[in-house]
Structure formats: structure tokens, C-alpha cells
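The values are calculated or read from the model by the stated rules, or taken from the named source; none is laboratory data. These numbers come from a predicted model, not from an experiment. Using ideal geometry, Cβ is built from the backbone for each residue, glycine included, and neighbour counts are taken over all protein chains shown. Only protein heavy atoms, including side chains, enter the accessible area calculation; ligands, DNA and RNA are left aside. Shrake-Rupley method; radii C 1.70, N 1.55, O 1.52, S 1.80 Å.
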Amino acid sequence: MSPWFPMLTVLSMFYYICLRRRARLASRGEMINSRRAIESNSRALPMSIEAIQYAKEVLDFSSHYGSENSMSYTMWNLAGPPNVYPSSGDFTQTAVFRTYGHWWHQCASSALPFKRTPPSFCSQDYVELAFEEPVYPTAVHILETYHPGSVVKILACSANPYSQTTPTEVRWETIWSAEPTRAHSPQARQFTPCIKEIDFPTNLLRLETNSSILEYYTELDAVELHGVKEKPILSLKTAAIDMNDLDEDEYDDKDGCGIDCLTHQFSGSSLRDWTNNGYFDKLPYELIQLIISHLALPDLCRLAQTCKLLYQHCCDPLQYTHLSLQPYWASLTDASLEYLLPRCTLVQWLNLSWTGNRGFITTSGFSRLLKVCGSELVRLDLACGHFLNEACLEVIAEMCPNLQELNLSSCDKLPPQAFSHISKLCALKRLVLYRTKIEIEDYDLIAGVIGAKCKKLQSLDLWRCKNITEKGIMDIASGCPLLEELDLGWCPTLHSSTGCFTNLARKLPGLRKLFLTANRSVCDSDIEELAANCQLLQYLDILGTRLVSPPSLRKLLECCKDLVLLDVSFCSQIDSRIVQELASRFPNVSIKKSFTQ
């Protein structure tokens, strides 16, 4: 055998993959046009009567702007017919996710991105909607009433959430996906993407969103599912057109390179006993490791099948120090984790967010994984991990002594007593407990402990704390002088007349982000204190105040040269004319002012 043969084989495989992808990209527009033409012609064919349904129920979601005990700005507003559409603007009856814009991820408190996240995965939030009757989807209409453009993916599930029997297999199929886009106008629109045909009926849809390039919060009003009860005749006539080529994720699965095929991808039984790998043998081990460190996990799986040398590199635990399995949430199971175990001995960052729901991951599977990698873990992301129970948190506390960051946001199935195990994590520096069921009766008591014990605290999010008062705020301001970020949005028991906001400004000169959202009592004196003492301020949200006037805002903008975001939505003294004047005078500041029509 020629010594060049293994090297040529590797290069040929990469060349083939590049040609396939280039061909798909070049013909993408042509295939979409063909699809539309076929759909247009198919309307004349005899088919079942099309049914139109609004979502019956919201089953799950990653975040929302509203409170758990309210209907304002919550995901639950997506159930039923539209409340607002076709009106445009900021309405409390819509569904709003927690964040928007790229600036949110530039804050010091934002977690760093994981390496090896595939470019095709850009989802930041999701919501799952159940409909009354399973149908073969023919169209999905998303009614967006404010700053549209956040939806990046629509998936359909084979499982019927209202069935009395547990399905033997749960399958998610992407019926549409795209990169984040920004609509030309913040006005309402009906978004109707060209969806892919699927071979099973569904009454469970999942919308995934990315609001990073939007100017303000996106608001969704309702979702219409159009479909037929019988499988369309069209599917028999278009079998020659592989619509999976329009979706990168589906292409990966069809080629057997999805995360659920790890058994075959990492198996060395089919590798030949090639001992000569051409010039690859002459490259330093570290250089090959650096080259393949840029590959996403499925590509690493592909490369492992080429030769034993690259198989060895692809299975090296050093390639898995950052392991994000969130992009593969739809197919990740206990078996997937089992085949990854030998490569997870050096994992330091592990992302299992969104994974394991509907029984895909069990307590035993999760425990086996942490027993292998827990001692090295410093960061663990488990957002929306509904497989978690108290036993899982106990395993985390026992197996992860060096853990510094733990994200349990939207793990709303965990019982309150389960969180007691977190106290054993002595190295913890970052803890996210958004939308969990921790029961706190006295926030002032918690604030007092934080002020006494957390002298180096830099960021604190007290969003929607029900009963924190000026006493708790004073303890935090006095005890945490290094605080840079403080979110007191929607804390109804804080009042400017007590001097709590003035004290914050005087004691925390390093503040860079301050949210006083929906506090009606914030006044000019508070803004002037911020201007005088917090000149490093970058992000300020005073949405809803009635007492702040234009002169105090001008003074703030003049003094705080680093300010990049100022939200004055629903501030009664700040009208659109004032906003335009301030925007022209201070062009580096993004001034937010929502509207309703």
C-alpha cells in the first residue's frame, strides 16, 4: 500500500464534505423555489380539509419577562387566540422573553460562551406549545406584535402531550430554521416561514429564538398551526427532492453524524491497521490537537473514523475540556453520555442545558457522568434540566468540590429542599437560580447575610424580589463595596423617599449596571446622585417612573460618559421629542422608549 494512501483518504473525505456543502448552499435558493412551486401546484390536489388551531397550552419555556404569579409579559399569553394582533407596540398581554440585544451578554456577569458550539446553533430561548389535535403541518403563523425577528427555529415533536400512553420513541424534527434577523420595522407582522413536510402528525411545536440583534424586547401574541389529519399526497410526489438539504442539522443526522450515533462514530472496530499516515506522523502531537480543536462535536466524530492516528486525537480527553451538549438536546440520552464517558475525565466546563427532558436522561445516567468528570468541573450549566431532582443536586455537591459556576435557571421542577445541598459547594462564585422554587419569606434577612459574608460580590440580581426593603438594600450597599451590577427591577417594596437609591449611588461608585425597572418612585434626586457618584455607569433602566424629568437625564448623560443603554419606556415626563433630542446630542447612548398603538 502506498504511504500516501491514508493521507489522500483524509484529504479526499474533507474535499468531499466541502463539495457537498457548497453544492447545497449553491442550490439552496433553487430548491426553495422548487418547493414553493410544488406547494402552489399541490393546492389543486384533493386533500383533507385544512384545520387551523391556536395553541391550547404552553408546556415549557426557558425564560419570560413577567412574574410567575402574573399574566403580564409571560409565555402563558401564547395560549389561545391573539390578544393584541394586528395592533403594534408594547402590551402586557403578550409573551416576552427575559433579554434582548447583544449588550446583555457583554456585562461582567454574563457567562463566557462555550467552545465548539456549532455555528448552526444560535438559539438562546425556547417555548413549547401544545395544540388540541395532531396534524400534518402545512403552515405555521407566528403573530409578532413588537420588534419581530427573534424566531430562528421551529421544531415538531412526534409525541402527543395529551396521550394516555407513554411513547416508545420521542422524535423532534426541525421544520424551519434560519439565522437571526432584524425586521425593518418594530411594527406587528404575521411571520409565516416556508416549513418542511414531515412524515408524522404533531400537536407539539417548539419555537427557538435569538434576540441578540434586536433593538428591544420582542413580543409574541399567538401561534397558528395549520395542518391536515391525513398525510398529504404531496409527500408521495416529491420523494426525489431531499428537503433535508435545506437544514444543516438534519443533514448531520441523515449522514449518521448526530450525537445519538456516538456508538458508531467513536468505535474503532472498522478502522484499518494503517501504520503509515504520511506526513501526519511528522506533525507534533500538540499541533494536530490545536487543528482539530476548532471542530464541532459531530465533525470530531466524523474525523475519528478516518484513521487510527486521528481516532486517537479525537478521543483525547484534552479535546473535551469544554463540552457543550446543549445543541444536541433533542437526541441526547443516557446512552450518548455513556459513550462519552472515557473522554470526559478532564472536562472543566459542562453544558447540559435544555437536555434530558421527557426521560431522555435519568438520574443514574447523570450521576455516572459526574462521577467521571466531577472532580475537574469548575462550571456546570443545567438550565431547563427537568430531569434534575434532589438526588442530582446531592451528587453535584458530592462529586464537584471545585465547582465555581452553577446555572439552575428555569429548573422549576426541583423541590425547595433540594437546594440545601448547594451550601456544600464552598468554591462557588456564580449561582443562577432564576425561576426556581426556592421559598424566601424575608429577603432582608438574605440581603443582610450577603452584605456580611460576600465582601467581594460583583453582581447581584434581585429581579422581582417581593419584599426586600431599604434595610436590605442598605446592608448590601454597605457590605458589598465592589458591586458592579445590581438588578432591582420590579421590587415593589422599595421607595425613593426612604433614601435607598441615594445610598446606593453614594456607597457603590463602581456601579456599571443598575436596573430600577417599574419603580414609580425613582425621581430626579436619585438620577442626580447617580450622575455625581456613579460615573462608570453603562446600563440604566428606569422604565415606568413618573418623576424623572429631562434636565436630570441630561445631567446624567453629561456625567456618565460610558453610558451605552438608557431605558426610559413609559416614563411619563420623557416623550418621543425629548428622546430624539437626547439621542442626537448623545449618539453613543441607545435610548429605549417603547410605544403602543
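Out of 95, 111, report the one residue that is at pLDDT 95 or above and among the hydrophobic types (A, V, I, L, M, F, W, C).
Answer to the check: 95.
Checking the structure you have, find out if any residue of region 172-189 is touching a helix residue (DSSP H, G or I) at 6+ places or on another chain (Cβ under 9 Å), modelled with pLDDT of 95 or more and in a loop (DSSP other than H, G, I, E, B).
No, that holds for no residue.
Do you know which of the residues in region 151-170 that are at pLDDT 90 or above and of a type in the set (Ser, Thr, Tyr) is nearest to residue 191 (Cα to Cα)?
Result: 158.
Please specify each residue of region 380-439 satisfying the condition of being more than 24 Å from residue 59 (Cα to Cα), in contact with a strand residue (DSSP E or B) (Cβ under 9 Å, 6 or more places away or on another chain), aliphatic (A, V, I, L, M) and crowded, with 17+ Cβ neighbours inside 10 Å.
Within region 380-439, 380, 396, 403, 406, 422, 425 qualify.
Out of the residues in region 148-164 meeting the condition of being over 18 Å from residue 58 (Cβ atoms) and open to solvent by less than 30 Å² (accessible area, probe 1.4 Å), tell me which one is nearest to the chain's Cα centre (by Cα).
Here the residue is 152.
Consider region 497-532. How many of its residues are of a type in the set (Gly, Ala, Ser), part of a helix (DSSP H, G or I) and surrounded by fewer than 19 Cβ atoms within 10 Å (Cβ to Cβ)?
3
Within region 128-146, is even one residue more than 17 Å from residue 204 (Cα to Cα), outside any loop (DSSP other than H, G, I, E, B), in contact with a His (Cβ under 9 Å, 6 or more places away or on another chain) and not polar (S, T, N, Q)?
no
How many residues, within region 64-84, are more than 17 Å from residue 518 (Cα to Cα) and surrounded by 20 or more Cβ atoms within 10 Å (Cβ to Cβ)?
Result for region 64-84: 5.
Looking at 290, 283, which one is more than 33 Å from the chain's Cα centre (by Cα), modelled with pLDDT of 60 or more and over 30 Å from residue 192 (Cα atoms)?
None of the other options fit; the residue is 283.
Return the residue satisfying two criteria in turn: it lies in region 173-182 and is hydrophobic (A, V, I, L, M, F, W, C) and open to solvent by 30 Å² or more (accessible area, probe 1.4 Å), and of such residues it is farthest from residue 332 (Cα to Cα).
Result: 178.
What do you reckon, is residue 167 more than 16 Å from residue 136 (Cα to Cα), open to solvent by less than 50 Å² (accessible area, probe 1.4 Å) and of a type outside the set (A, V, I, L, M, F, W, C)?
Considered against the rule, which asks whether it is more than 16 Å from residue 136 (Cα to Cα), open to solvent by less than 50 Å² (accessible area, probe 1.4 Å) and of a type outside the set (A, V, I, L, M, F, W, C), residue 167 comes out as no.
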